[in-house]
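The values are calculated or read from the model by the stated rules, or taken from the named source; none is laboratory data. Predicted model, so just to flag it, every value in this text is computed and none were measured. Positions of Cβ are generated from backbone atoms using ideal geometry, with glycine treated the same way; all protein chains shown enter the neighbour counts.
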């Protein structure tokens, strides 16, 4: 049946696990032989046997739940949060609350959740992945750094390729049409050769989408959010000898996406934390006697006179506002990607049962992105130097366009002992190499938008080498002890056209231990400890001198779990509870370089994450299958200092210069050398409107980690009724919920809770299937995410540096704080036809 092969994970406290074990009578639960097999520990194990938290979706689940992207997988995986927030790029999967705000935006900053294809590390975005060519998706939760390696700090998502048929010719074809101009055509053929020792499969996909009908640009009425993908894949599965097997995959993908639907929630909407970093103090007419001011660059008068520095509340209030982009601000708007990705895996089995495995992967990508980074109607092609003159610009002010050419490859060699021994082991080596060149895309060097761009503005590289090993010992017939360890060295380097060149190297020893108990009648129990390491990196010259580098984020992870399946084979349940103690949490710090404001990665504090997870399903009758998932995640900082938290608390003052007298624990700034900012401060030198609050705290202790949801839940059901021997009627319905997420460490702005309903109804006749489906049927429009930004059109810094004490005030030249939103795809109804042959 549809969901019986789905592995589910359920989390709960240690006491709950004990209660669950007592409730399960000997006749209630038992192992079955038809479990889905996963490779979460780089070896074949059933979902009930594997002593780690894994959610797995086989071909049936992918089909019935309509899983077409990482976003869809996350909806039905307890503890995995993901939303298409920035178009089909800059992906930020979050497992168990371990989020990162700059992941995918700044070189080297990573989400902590690693992607794999057929177990081979994949470093790019995956929203355009063709899920129809997949046999299985495995989401392994919790730190996997010891076995999987780099960036699997919070977990790993493995996409397992469907193997070609070795039983002759076969294939499939399908076509899909839905509202908002979505069309898709997919085809796959497979055949066997050489006496069925070699199988070859070829597939192709064409997908297009016009964009949600609500994504109409406020400025010119144009349609935003379009997507287009053309992809081809080839898979070769060969038994070269009785001992040597080879699996190879090659994919070519071309994405061509239009301008993404963003908009600014401007400074006029700010409603909390009064102070000088507010619209009231960014007058475009400041010191100007020109008419209009700055030669027409800014409005003739301020758009807001409120003195609030921030917006507090749910961003749902703005979900119906039209997106806004100035599409003429640069030569390219949207996302263009041309990528080739390949994997090669070879296994050689010795007569003694030992096995030598090798795998190799490569990725070659050209990625071009562009957007109006003011995210609002109106832009200027002049940069104001003074009230008297400005410098013409080739592109709109704060247009952001770039072209990144990257190439990376990885290789792994592993030697394993026989799986039927009481003591089992494996050891191996891993190497990864990534190189990227970034170029600017501008009217000055790309007037025709044809992937022509200027010389490299910077080159980047990542090199990772590691050795690893595992040791499994059957203490008794029911108790197993598993040990894993990895020693790795990672170097990241950056070279810029300004002449800057530097690199940084980090070396880490990463252990993991698992103790599991198979109770036979009651199911399986396990407890584990794992060390997690998220790579550190290099900010480069924009972070000099204090933040040129940042350290790896580290965590100690503790987990207990319970798994069981009903004796009649009709259902299964899995439970887990976890606690993660995190140090050197990677967050963002804004730094000003000349007139530009940049965010850099910094280690700002410590955090704790604890939670429980549940996933289960049951076949109520021969016709009805139901399932549910739930995750509770409590993720908060235990210490940390954020500079803008200081600005908000103090009424608009800067956290610099300051003396770090352990501000992460003290919660306020001490600066004995400068009594105007710090300990003993009674009043700042410059406070014309009396906005100084006296609150000098920069502490984020007790704040929730941004981009994490406290609650996630899913309910799904599938009904299949045979109408005759060949004709079946099927109905599927699902509901998923994700509670509100804070967008920054200040915990003032949040997305709002998200409820999504979906389903389908159709008929199947032998190998032919027709269905009517609905996605997001109640048109949920909560923003997937928001980002702290600036409101450029309010003006530049307006408090003169010549005023005594003005340097204490946060008078950033990019304007008061604002928030830009991304938009969620709304309701879609469509039809799909598929046939297997």
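Annotation note: of 444, 426, the sole residue that is surrounded by 14 or more Cβ atoms within 10 Å (Cβ to Cβ) and over 25 Å from the mean Cα position of the chain (by Cα) is 426.
Got at least one residue in the stretch 163-171 being part of a loop (DSSP other than H, G, I, E, B), within 19 Å of residue 537 (Cβ to Cβ) and free of Cβ contacts under 8 Å to residues at least 60 places away in the same chain? No, the stretch 163-171 has no match at all.
Residues in the stretch 496-516 that are free of Cβ contacts under 8 Å to residues at least 60 places away in the same chain and either buried (at least 21 other Cβ atoms within 10 Å of the Cβ) or assigned to a loop (DSSP other than H, G, I, E, B) (or both): 497, 498, 499, 500. When residue 400 is tested against (1) assigned to a loop (DSSP other than H, G, I, E, B); (2) closer than 26 Å to residue 461 by Cβ, just one condition goes unmet, and that condition is (1).
Checking the structure you have, find out if any residue of the stretch 777-789 is without any contact (Cβ under 8 Å) to a residue 40 or more places away in the chain and either closer than 28 Å to residue 604 by Cβ or buried (at least 17 other Cβ atoms within 10 Å of the Cβ) (or both).
Checked the stretch 777-789: no residue is without any contact (Cβ under 8 Å) to a residue 40 or more places away in the chain and either closer than 28 Å to residue 604 by Cβ or buried (at least 17 other Cβ atoms within 10 Å of the Cβ) (or both).
Candidates 732, 695: the one that is surrounded by 19 or more Cβ atoms within 10 Å (Cβ to Cβ), in contact with a helix residue (DSSP H, G or I) (Cβ under 6 Å, 6 or more places away or on another chain) and touching a residue at least 40 places away in the same chain (Cβ under 8 Å) is 732. Within the stretch 373-383, one or more residues are in contact with a helix residue (DSSP H, G or I) (Cβ under 6 Å, 6 or more places away or on another chain), crowded, with 17+ Cβ neighbours inside 10 Å, at pLDDT below 95 and part of a loop (DSSP other than H, G, I, E, B).
Does residue 220 meet the test of being at pLDDT below 95 and either part of a strand (DSSP E or B) or within 29 Å of residue 372 (Cα to Cα) (or both)? So residue 220 passes the test. A Cβ distance below 9 Å, combined with a sequence gap of six or more or placement on separate chains, defines the contacts here; from the stretch 311-332, residues that are on the phi > 0 side of the Ramachandran plot and free of Cβ contacts under 8 Å to residues at least 40 places away in the same chain reach no residue that is buried (at least 18 other Cβ atoms within 10 Å of the Cβ) and not in a helix (DSSP H, G or I). Within the stretch 75-102, the only residue that satisfies the criterion of being buried (at least 24 other Cβ atoms within 10 Å of the Cβ) and free of Cβ contacts under 8 Å to residues at least 60 places away in the same chain is 82. When every residue of the stretch 752-773 is checked against the conditions, at least one turns out to be touching a residue at least 12 places away in the same chain (Cβ under 8 Å), touching a strand residue (DSSP E or B) at 6+ places or on another chain (Cβ under 6 Å), part of a loop (DSSP other than H, G, I, E, B) and crowded, with 17+ Cβ neighbours inside 10 Å.
Among the residues of the stretch 741-751, are any buried (at least 17 other Cβ atoms within 10 Å of the Cβ) and free of Cβ contacts under 8 Å to residues at least 40 places away in the same chain? Give the steps one after another, and end with the answer.
In the first step, residues of the stretch 741-751 are kept if they are buried (at least 17 other Cβ atoms within 10 Å of the Cβ); the result is 741-751.
Pick out the ones that are also free of Cβ contacts under 8 Å to residues at least 40 places away in the same chain and you get 742.
Yes, the stretch 741-751 contains a residue that is buried (at least 17 other Cβ atoms within 10 Å of the Cβ) and free of Cβ contacts under 8 Å to residues at least 40 places away in the same chain.
For residues in the stretch 63-88 being closer than 17 Å to residue 733 by Cβ, assigned to a helix (DSSP H, G or I) and touching a strand residue (DSSP E or B) at 6+ places or on another chain (Cβ under 8 Å), which is modelled with the highest pLDDT?
Here is the first cut: in the stretch 63-88, the residues closer than 17 Å to residue 733 by Cβ are 63-67, 72, 75-76.
Checking which are assigned to a helix (DSSP H, G or I) leaves us with 63-64, 72, 75.
Next, from what is left, pick out any that are touching a strand residue (DSSP E or B) at 6+ places or on another chain (Cβ under 8 Å): 64, 75.
Working: 64: 88, 75: 92.
For the stretch 63-88, the residue satisfying everything is 75.
Sort out which residues of the stretch 208-217 are touching a strand residue (DSSP E or B) at 6+ places or on another chain (Cβ under 9 Å) and either in contact (Cβ under 8 Å) with a residue 40 or more places away in the chain or farther than 14 Å from residue 230 by Cα (or both), and write them in order of number. Step through it out loud before you land on a result.
The first filter runs over the stretch 208-217 and keeps only residues touching a strand residue (DSSP E or B) at 6+ places or on another chain (Cβ under 9 Å), leaving 208-213, 215-217.
Within the stretch 208-217, 210, 211, 212, 213, 215, 216, 217 qualify.
Filtering the stretch 51-71 to residues that are surrounded by fewer than 24 Cβ atoms within 10 Å (Cβ to Cβ) and within 13 Å of the chain's Cα centre (by Cα) leaves 69, 71. Pick from the stretch 549-561 the residues that are touching a helix residue (DSSP H, G or I) at 6+ places or on another chain (Cβ under 8 Å) and closer than 26 Å to residue 614 by Cα: which of them is surrounded by the fewest Cβ atoms within 10 Å (Cβ to Cβ)? Checking each candidate, the answer is 560.
Residues in the stretch 709-721 that are buried (at least 22 other Cβ atoms within 10 Å of the Cβ) and assigned to a loop (DSSP other than H, G, I, E, B): 1 in all.
Those residues that are more than 30 Å from residue 263 (Cα to Cα), surrounded by 17 or more Cβ atoms within 10 Å (Cβ to Cβ) and either touching a helix residue (DSSP H, G or I) at 6+ places or on another chain (Cβ under 7 Å) or free of Cβ contacts under 8 Å to residues at least 40 places away in the same chain (or both), I need them from the stretch 218-241; list them, please. If the condition is that a residue be more than 30 Å from residue 263 (Cα to Cα), surrounded by 17 or more Cβ atoms within 10 Å (Cβ to Cβ) and either touching a helix residue (DSSP H, G or I) at 6+ places or on another chain (Cβ under 7 Å) or free of Cβ contacts under 8 Å to residues at least 40 places away in the same chain (or both), then 233 is the only one that fits. The residues on offer are 532, 493, and the sole one that is in contact (Cβ under 8 Å) with a residue 60 or more places away in the chain and assigned to a strand (DSSP E or B) is 532.
Could you tell me whether any residue of the stretch 562-570 is part of a strand (DSSP E or B), in contact with a helix residue (DSSP H, G or I) (Cβ under 6 Å, 6 or more places away or on another chain), more than 23 Å from residue 703 (Cα to Cα) and modelled with pLDDT of 90 or more? For the stretch 562-570, residues part of a strand (DSSP E or B), in contact with a helix residue (DSSP H, G or I) (Cβ under 6 Å, 6 or more places away or on another chain), more than 23 Å from residue 703 (Cα to Cα) and modelled with pLDDT of 90 or more: present.
Does the stretch 184-207 hold any residues that are exposed (fewer than 15 other Cβ atoms within 10 Å of the Cβ) and closer than 28 Å to residue 224 by Cβ, and which are they?
Within the stretch 184-207, the subset exposed (fewer than 15 other Cβ atoms within 10 Å of the Cβ) is 185, 193-196, 206.
Selection gives 185, 206.
Exactly one residue out of 546, 519 is surrounded by fewer than 21 Cβ atoms within 10 Å (Cβ to Cβ), more than 23 Å from residue 152 (Cβ to Cβ) and either under 28 Å from the mean Cα position of the chain (by Cα) or without any contact (Cβ under 8 Å) to a residue 12 or more places away in the chain (or both): that is 546.
Suppose the filter is modelled with pLDDT under 95, assigned to a strand (DSSP E or B) and farther than 24 Å from residue 144 by Cβ; does residue 453 pass it?
Numbers: modelled with pLDDT under 95: yes; assigned to a strand (DSSP E or B): no; farther than 24 Å from residue 144 by Cβ: yes.
Criteria not met by residue 453.
Among the residues of the stretch 723-739, the ones that are modelled with pLDDT of 95 or more and in a loop (DSSP other than H, G, I, E, B) come to 1 in all.
Exactly one residue among 323, 302 is crowded, with 16+ Cβ neighbours inside 10 Å, modelled with pLDDT of 90 or more and in a loop (DSSP other than H, G, I, E, B), and that residue is 323.
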